[in-house]
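This report concerns only the one structure given below.
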Amino acid sequence: MKPVGRNKFELDTPCLVLDLDLLDENLQKMQATVVAAGKALRPHAKTHKCSLLAKMQLAAGAVGICAAKVSEAEALVHAGIPNVLVTGPVATAEKIARLMALLRKAPFLMTVVDHPANVELLEQQLAGAGLNLDVLVDLDIGHGRTGVAPGKAMELAERVLASDRLRLRGIQAYAGNVQHIPRYSDRRAASLKGLKQAAAVFRQLQTRAESCTIFSASGTGSAKIDLVIPELTELQAGSYALMDAEYLAIECADGSECADYQPALTMLTTVVSVGHGRQVTVDAGLKALYKDGGHPRVLNPEFPNLHYDWFGDEYGKLCARSRGTLLPELGTVLELVVSHCDPTINQFDRFFVTRDGKVVDVWTIDLRGRSQ
Ligand SMILES: Cc1ncc(COP(=O)(O)O)c(C=O)c1O
């Protein structure tokens, strides 16, 4: 049976559902917040992995799209999105060769560098291909994952400036370690501390080269906080579009649950076995719901007292939190806010897009599985 026109609770499960109105609200809200602060938005497609959704973000006013890996950028360019920033280091000869091929199709492509050896490798292949590339110096402002230490950033920047194949456009300073700090005041302090270090580097760079106009940073957890940094030019937030239980669990500026953005993404799962005491078994397990972040939340108002837990690869269990809790019957479809949206989405081929609970469209998750 064709999905369009059906009530979402009639869909085969497990599946991902995207509420179009909530999605639109999230996109407009972030765009308006960023513009009101005089900044730009370059949303991260690593979250939704869907070029159609990336196009909605561009239509809402985004200046470009971020991709985590070259293979994600390939899919975005293939879908007609040329202005992509690859936010992770492209560090091997094979991957750089793929980047060169992509650069031919998308001359506005950008990437980041965090090591002189990487600059060297990029230069060699750019010279061989007769191409030029815009880059940002990636700064490590406390995460320890990628990026050069702020104290070494100018040295690396000078190396890029000396290149006749690379053009230095600015810096990237994403603090992944900060985004989910539960208490707002702690998150604010940690984020501003890191970004102030980055801002000092950016000011120095700007005195060295006119081409340095981009200071790209921030995620959903620190977006509102980071807008006060005067030097920051753009945000790279991703999760705000769809949201998940991990982000819903962090505290807002007013001390409440993070209600800035709505869970536009949910997962439907069906009760496939009952008669196991105070729990029932559902068809979404590890292969559907990625086990990271907070516990999925059950949204069905008639079952306020159920707790989801993983129950192996193919199954999950919904457990009664207290005695006397009503358990769903065999065949009942439950709607969950997923734990961590990015890796969960990566396990599905499509979003069922709904309005007022009815499926209105099906969107391909075309960046799915692109982890190279
Ligand atoms: C480099 C980079 N920028 C931006 C983001 C988006 O962050 P969020 O999904 O928390 O909004 C991520 C997410 O991991 C990232 O790795």
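Each reported figure results from applying straightforward, stated rules to the coordinates on display, with no laboratory input. Keep in mind the model is a prediction, meaning the values are calculated, not measured. Using ideal geometry, Cβ is built from the backbone for each residue, glycine included, and neighbour counts are taken over all protein chains shown.
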For the chain, give the magnitude of the charge dipole about the Cα centre (Cβ charges: +1 Lys/Arg, -1 Asp/Glu; no others), in debye to the nearest 20. 360
Taking the 0 to 90 degree range and rounding to the nearest ten, how far is the long axis of helix 150-161 tilted relative to the main principal axis of the chain, both from C-alpha atoms? 60
Running a GNM on the chain with Cα contacts under 10 Å, which residue among Gly80, Gly293, Gly128 ends up with the highest mean-square fluctuation? Gly128
The FRET efficiency for Arg203 and Leu131, from their Cβ-Cβ distance with R0 = 30 Å and rounded to 0.05, is 0.50
Within a Gaussian network of the chain (alpha carbon springs, distance under 10 Å), most fluctuating of Thr13, Thr92, Thr354: Thr92
How large is the charge dipole for region 143-206, taken about the Cα centre, if only the Cβ atoms of Lys, Arg (+1) and Asp, Glu (-1) carry charge, to the nearest 20 debye? 200
Pick from His48, His295, His78 the residue whose mean-square fluctuation is largest in a GNM of the chain, springs joining Cα atoms under 10 Å. His78
Can you work out the FRET efficiency for the pair Ser322 and Leu299, with r the C-beta to C-beta distance and R0 = 30 Å, to the nearest 0.05? 0.95
For the chain, find the longest principal axis of its Cα atoms and tell me its angle to the long axis of helix 20-36, 0 to 90°, nearest 10. 30
How far is it, in nm, from the label point at Glu155 to the one at Asp292 when both lie 7 Å from their Cα along the line to the Cβ? 3.2
Charge dipole (debye, nearest 20) of region 21-242; +1 at Cβ of Lys and Arg, -1 at Cβ of Asp and Glu: 280
Which cross-chain or sequence-distant (5 or more) residues have an amide H under 5 Å from the amide H of Arg350, H modelled 1.01 Å from N in plane? Ile365
Amide H contacts of Ala237 (H built 1.01 Å from N, under 5 Å, at least 5 apart or other chain): Arg42, His44
Say a site is exposed when it is one of the GluC sites (Glu not before Pro), sits in a DSSP loop, and has at most 10 other Cβ atoms within 10 Å; what is then the longest site-free stretch of the chain? 1-209
